[in-house]
Amino acid sequence: MSCLTRPDRLEAFGIGVAAPLAVLAQRRFGVASASWLLSAGLPGRDAGAWLTDPALDEASRERLVDGLTSLVERLQRERIVHGDLKATNFLVDEADVWLLDLHAVRRSGPAIDRGLRRDRRRFLRNLEPWPALQARAQVRLEGRPSAP
């Protein structure tokens with residue numbers, strides 16, 4: 001398990017994660033070919049389900065996007081690359097947001113800046129159905145609105 005997938009490490013940066021219970025690895029010829037991180041269950045639904053919920057009013061959607069953007073800002077500030085910031089990798093319950101799918105999380109390496117840019121772009125794609133919210137998040141993350 002990467003040191004950044006440990007909950008105490010990510011939580012020290014203000015990033016909520018589910019407590020890991022076990023890592024299962026599939027080996028072929030003595031080399032890990034696939035692995036799974038099993039985590040404790042948490043309440044809530046993924047951010048994709050929340051964002052597209054027709055019962056969610058605009059003010060609530062805006063608060064949700066603000067909370068998700070705050071988490072991405074913390075990742076960016078600490079130079080932590082997640083690798084797949086799609087909406088289903090955020091778990092949301094009321095005001096709490098947790099990050100899921102931690103297998104590719106890293107904080108160092110030669111391509112960290114490229115990884116941070118990819119994370120921002122992937123996160124912002126989640127918000128394409130809501131252009132005003134997407135632009136607001138982009139200004140917070142990149143300091144500029146998207147091009148028309």
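Note on the range 54-88: among residues that are in a helix (DSSP H, G or I) and among the charged types (D, E, K, R), the one that is farthest from the chain's Cα centre (by Cα) is Glu58. With respect to Arg106, is the statement that it is in contact with a strand residue (DSSP E or B) (Cβ under 6 Å, 6 or more places away or on another chain), open to solvent by 60 Å² or more (accessible area, probe 1.4 Å) and not hydrophobic (A, V, I, L, M, F, W, C) true? Judged against the criteria, Arg106 is a match. Candidates Leu127, Leu99, Leu133, Leu91: the one that is buried (at least 19 other Cβ atoms within 10 Å of the Cβ), more than 11 Å from the chain's Cα centre (by Cα) and under 16 Å from Ala49 (Cα atoms) is Leu127. Taking residues in the range 104-123 that are within 19 Å of Ala47 (Cα to Cα) and without any contact (Cβ under 8 Å) to a residue 40 or more places away in the chain, and partners anywhere that are assigned to a helix (DSSP H, G or I) and of a type in the set (Lys, Arg), not one pair has Cβ atoms closer than 6 Å while being at least 6 places apart or on different chains.
Scanning the range 99-148 for residues that are part of a loop (DSSP other than H, G, I, E, B), touching a helix residue (DSSP H, G or I) at 6+ places or on another chain (Cβ under 8 Å) and among the small types (Gly, Ala, Ser) yields Gly109, Ser146. Return the residues of the range 45-68 that are open to solvent by less than 40 Å² (accessible area, probe 1.4 Å) and not acidic (Asp, Glu); say none if nothing qualifies. Hits for the range 45-68 are Ala47, Gly48, Ala49, Leu51, Leu56, Ser60, Arg61, Leu64, Val65, Gly67, Leu68.
The values are calculated or read from the model by the stated rules, or taken from the named source; none is laboratory data. Note that this is a predicted model, so its numbers are computed, not measured. Neighbour counts are summed over all protein chains in view; Cβ atoms, including those assigned to glycine, are modelled from backbone coordinates with ideal geometry. The accessibility values were calculated without ligands, DNA or RNA, using every heavy atom of the protein model including side chains. Shrake-Rupley method; radii C 1.70, N 1.55, O 1.52, S 1.80 Å.
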